[in-house]
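Scroll down for the structure; my scribbles are underneath it.
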Amino acid sequence: MKNYQWYSDQWGKPTKDDSLLFLLLIVGIFQAGLSWKVAASKRAVFEQNFCQLNIAKVAALFPEEIEKISQDPAMIRNPRKIKAVVQNAQAIIRLQADYDSFADYLWDFVGDVPLIYEYESSDTIINVVPAATMIAKDMKKRGFTFVGPIVTTMFLKAAGIIQDRVWE
């Protein structure tokens, strides 16, 4: 199995697992400017460098630890993206004052039911949907970064919160 197959297998399947949601967000951040295959193939590297996806531990990383991550030759060594992962972990921790989990926060936007967009053909699927734009704005207000409308749309689609249905 290819080292990015897990992402293809997960794509579009609804999840409420905060660790998996955090991983999917990390992939979304790192795929900006790259292919999803490159970013998804780094799952083991992300898990190793980001405390086995323990959100609280990632949120508490010190600048020296972040610098060490950026020196890992197996890592996608974009310091802005690495810092974004830490900042987003901190934002998730802050969310817990209002929500029990990252999943509860995200699923609350869609009333706990996947939001389905229907298309006549796969070539008409859009990469930014209005709901994701609204969620991205709210995430930014809450301190998230690297969560523009495209990254957020792809992240929400990967998590099954937003789904595409094609009637070809």
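Would you please classify the overall shape of the stretch 52-127 from the alpha carbon gyration tensor, given that a ≥ b ≥ c denote the square roots of the eigenvalues, rounded means a/c under 1.5, and beyond that prolate means a/b larger than b/c while oblate covers the rest? Before the final figure, lay out the partial values.
Working: a/c = 3.83, a/b = 1.47, b/c = 2.61.
Since a/c reaches 1.5 but b/c is at least a/b, the shape of the stretch 52-127 is classed as oblate.
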### Task
Set the Förster distance to 25 Å, then compute FRET efficiency between Arg142 and Cys51 from the Cβ-Cβ distance, nearest 0.05.
0.70
#### Entry: Loop chymotrypsin sites (Phe, Trp or Tyr not before Pro), the stretch 105-168, which have at most 15 other Cβ atoms in a 10 Å radius of their Cβ (DSSP)
Trp167
#### Entry: Computed [θ] at 222 nm, helices only, for the chain once each DSSP H run of length n ≥ 4 contributes -39500 (n - 2.57)
-15500 deg cm²/dmol
### Task
With viscosity set to 1.567 mPa s and temperature to 4 °C, compute the Stokes-Einstein D of the stretch 1-56, Rh being the Kirkwood radius across alpha carbon pairs; µm²/s, no decimals.
113
### Message
I'd like the orientation of helix 79-95 relative to the chain: the angle between its Cα long axis and the longest Cα principal axis, in ° from 0 to 90, rounded to 10.
### Response
70
### Query
What are the radius of gyration and Dmax of the chain, computed over its Cα atoms and given in Å?
15.5, 52
### Task
Rounding to the nearest 20 debye, state how big the charge dipole of the chain is about its Cα centre with +1 on each Lys and Arg Cβ and -1 on each Asp and Glu Cβ.
620
### Query
Projected onto the charge dipole of the chain (+1 at Lys/Arg Cβ, -1 at Asp/Glu Cβ, origin at the Cα centre), which of Thr153, Asn54, Gln71 gives the Cα projection farthest towards the positive end?
Gln71
### Query
Given labels modelled 7 Å from the Cα in the Cβ direction, how far is it in nm from Asp123 to Ala32?
3.0
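Readers should treat all values here as calculations from the given coordinates under stated rules, not as data from a laboratory. None of the values given here were measured: they were computed from a predicted structure. So basically every Cβ, Gly included, is an ideal-geometry build from the backbone, and we count neighbours across all protein chains shown.
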